Amino acid sequence: MIEAKGIQLKYPDGTMALNDLSFTVGKGELVYLLGPSGSGKTSLLKLLLGLEFPTAGELRVLGQAITKRETNSIRILRRKIGPVSQEFNLIKGRNALENVMLGLRILGIPPGLMEAEAKKALARVGLEHKYYSPVENLSWGERQRVAIARAVARQPKLILADEPTGNLDKDNALQVLNLLASFVNEDTTVIITTHATHLMRGIPGYRCMELNQGIMIRDEKGCRPH
Ligand SMILES: Nc1ncnc2c1ncn2[C@@H]1O[C@H](COP(=O)(O)OP(=O)(O)OP(=O)(O)O)[C@@H](O)[C@H]1O
Ligand SMILES: [Mg+2]
């Protein structure tokens, strides 16, 4: 699923965001990526999405090499990845259903099927009663669930959630973490960056990877949160 060998990410201004990381992540794993602000979590997710390229080392995601020369194939790889961000990145003035359908457009499937898949995804996150609500009328927790529906509607092999609980209160954050964990299956891997380690307790079977100043200082299965 993911193979990283000695990867480094040095930004053009000289910042060493990631330094000599080697790890593999298999199919069906649930991984929490932890670490203080500035430790490199978002940078690592950007590499996995092919939005940045390793400045040293080798990275393969779903068999695809992440290098500058492979940008066309990386565009195709991104169809198999569902990204979720802290800011939701929803389009205002459009309803929940339209927002989720926009996430399916790149797949080039017929409009009828696109609508059916989008409705299914919204129902999966408990928003079947909000298909036609403009996103700006939704609560923060509901908006994050629309963003998750948009990410999962394309049935991605890899879900990458960057601080998905950052804008949520405790109850909504817990609901979102549980929801994301529920998408893990033998074919789907979920990676979540979060500061909300106190909320992870109730979620079984996960792996923690912790970064500090771009270095992996912890990688263990079934870790205990701090
Ligand atoms: N485009 C960029 N150019 C230069 N430096 C960058 C760039 N993006 C991030 N950085 C730096 O790389 C380091 C890692 O940043 P990153 O955003 O990956 O951290 P993070 O762990 O996601 O932090 P947070 O928890 O605050 O989101 C930081 O020192 C940051 O300032
Ligand atoms: Mg970040």
Which numbered condition trips up ARG207, out of (1) under 26 Å from ARG218 (Cα atoms); (2) in contact with a Gly (Cβ under 8 Å, 6 or more places away or on another chain); (3) at pLDDT below 90?
(3)
Leading residue by the ranking (surrounded by the most Cβ atoms within 10 Å (Cβ to Cβ)) among those in region 192-220 that are in contact with a Phe, Trp or Tyr (Cβ under 8 Å, 6 or more places away or on another chain) and not hydroxyl-bearing (Ser, Thr, Tyr):
ILE192
For strands (runs of 3 or more DSSP E) lying entirely in region 1-108, having 2 or more residues that are under 15 Å from the mean Cα position of the chain (by Cα) and not polar (S, T, N, Q) picks out 30-34, 81-85
Going by the conditions given, is LEU9 within 11 Å of ligand 1 (Cβ to nearest atom) and either surrounded by 18 or more Cβ atoms within 10 Å (Cβ to Cβ) or within 16 Å of ARG218 (Cα to Cα) (or both)?
yes
Could you give every pair whose Cβ atoms fall below 6 Å, whose first residue belongs to region 27-45 and is farther than 17 Å from ARG207 by Cβ, and whose second residue is among the hydrophobic types (A, V, I, L, M, F, W, C) and away from ligand 2 (no atom under 14 Å from the Cβ), counting only separations of at least 6 or pairs across chains?
none
Can you work out which of the residues in region 12-26 that are of a type outside the set (S, T, N, Q) and touching a strand residue (DSSP E or B) at 6+ places or on another chain (Cβ under 6 Å) is nearest to ILE217 (Cα to Cα)?
LEU21
Matching residues in region 143-180 - criterion: being touching an Asp or Glu at 6+ places or on another chain (Cβ under 9 Å), away from ligand 2 (no atom under 16 Å from the Cβ) and assigned to a loop (DSSP other than H, G, I, E, B)
ALA153, ARG154, GLN155, LYS157
Verdict on LEU77 being within 16 Å of ligand 2 (Cβ to nearest atom), at pLDDT 95 or above and out of contact with any helix residue (DSSP H, G or I) (no Cβ under 7 Å at 6 or more places or on another chain)
no
Among the residues of region 88-105, are any surrounded by fewer than 20 Cβ atoms within 10 Å (Cβ to Cβ), within 16 Å of ligand 2 (Cβ to nearest atom) and not aromatic (Phe, Trp, Tyr)?
yes
I'd like to verify a number: residues in region 185-209 that are over 21 Å from THR24 (Cβ atoms), away from ligand 2 (no atom under 16 Å from the Cβ) and not in a helix (DSSP H, G or I), how many?
2
From the list LEU113, LEU102, pick out the single residue that is more than 19 Å from ARG145 (Cα to Cα), out of contact with any helix residue (DSSP H, G or I) (no Cβ under 6 Å at 6 or more places or on another chain) and among the hydrophobic types (A, V, I, L, M, F, W, C).
LEU113
How many residues, within region 35-76, are near ligand 1 (Cβ under 8 Å from one of its atoms) and surrounded by fewer than 14 Cβ atoms within 10 Å (Cβ to Cβ)?
2
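The values are calculated or read from the model by the stated rules, or taken from the named source; none is laboratory data. What you see is a predicted model, and the numbers here were worked out from it, not measured in a lab. Quick reminder, even Gly has a Cβ in these numbers, built from the backbone with ideal geometry, and neighbours come from all protein chains shown.
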